[in-house]
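I have placed the structure first, in the form of structure tokens, so that the comments after it can refer back to it.
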Amino acid sequence: MAGPRPAHGVRFGAEPDLARYLLAVREHDPSRRFAVTCRLPEAVESAVGTLDGAVAAVPADEREADTTPEALVEAAFEDADGSPVAVVDPGAVGVEGRVVVLADGAATIVERIETLLGAVSER
């Protein structure tokens, strides 16, 4: 099957690092209550620009395999203009790149993921 697809479905507590990541994001913007992680192939990285807000990026030179989720959020928000709707993490040796899509509500996170899906499917 080609194209985006859920890796394991939705499961609570399935990715502890994502929970730590979201808690760190909430230190900057308490209204952010939802986060979804997507792998970062080239198509997704290009499609992130179609989202409805600012996209922050973790500088590749600050990313190492043992960087904590909290440090990644700090690095991303340091240069962000406002509260981003997504954070691009380029990954590191042994760590796959990803984008973390953020939202205030369930409908908004679904809308943003559908936007990414649509943009990737068009490529």
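What to note about this one:
- Residue within segment 54-65 that is modelled with pLDDT under 85, more than 24 Å from residue 120 (Cα to Cα) and surrounded by 13 or more Cβ atoms within 10 Å (Cβ to Cβ) present: yes
- Tally, over segment 44-91, of residues that are under 18 Å from residue 114 (Cβ atoms), of a type in the set (Gly, Ala, Ser) and in a helix (DSSP H, G or I): 3
- Within segment 92-110, being of a type in the set (D, E, K, R) and modelled with pLDDT under 95 holds for 96, 98.
Results for (1) within 14 Å of the chain's Cα centre (by Cα); (2) surrounded by fewer than 14 Cβ atoms within 10 Å (Cβ to Cβ); (3) more than 15 Å from residue 82 (Cα to Cα); (4) hydrophobic (A, V, I, L, M, F, W, C), shown as yes or no for each residue.
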site	(1), (2), (3), (4)
16	no, yes, yes, no
33	yes, no, yes, no
49	yes, yes, yes, no
69	yes, no, yes, no
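- Considering residues of segment 81-91 that are free of Cβ contacts under 8 Å to residues at least 40 places away in the same chain and surrounded by fewer than 19 Cβ atoms within 10 Å (Cβ to Cβ) only, the residue nearest to residue 24 (Cα to Cα): 82
- Annotation: of all residues in segment 92-113 being assigned to a strand (DSSP E or B) and of a type outside the set (Lys, Arg), the one that is surrounded by the most Cβ atoms within 10 Å (Cβ to Cβ) is 102.
- Restricting segment 27-43 to residues that are modelled with pLDDT under 90 and assigned to a helix (DSSP H, G or I), the residue that is nearest to residue 71 (Cα to Cα): 42
The values are calculated or read from the model by the stated rules, or taken from the named source; none is laboratory data. Not measured: the values here are computed from a predicted model. Methodologically, a virtual Cβ is constructed for each residue, glycine included, from the backbone with ideal geometry; neighbour enumeration extends over all protein chains shown.
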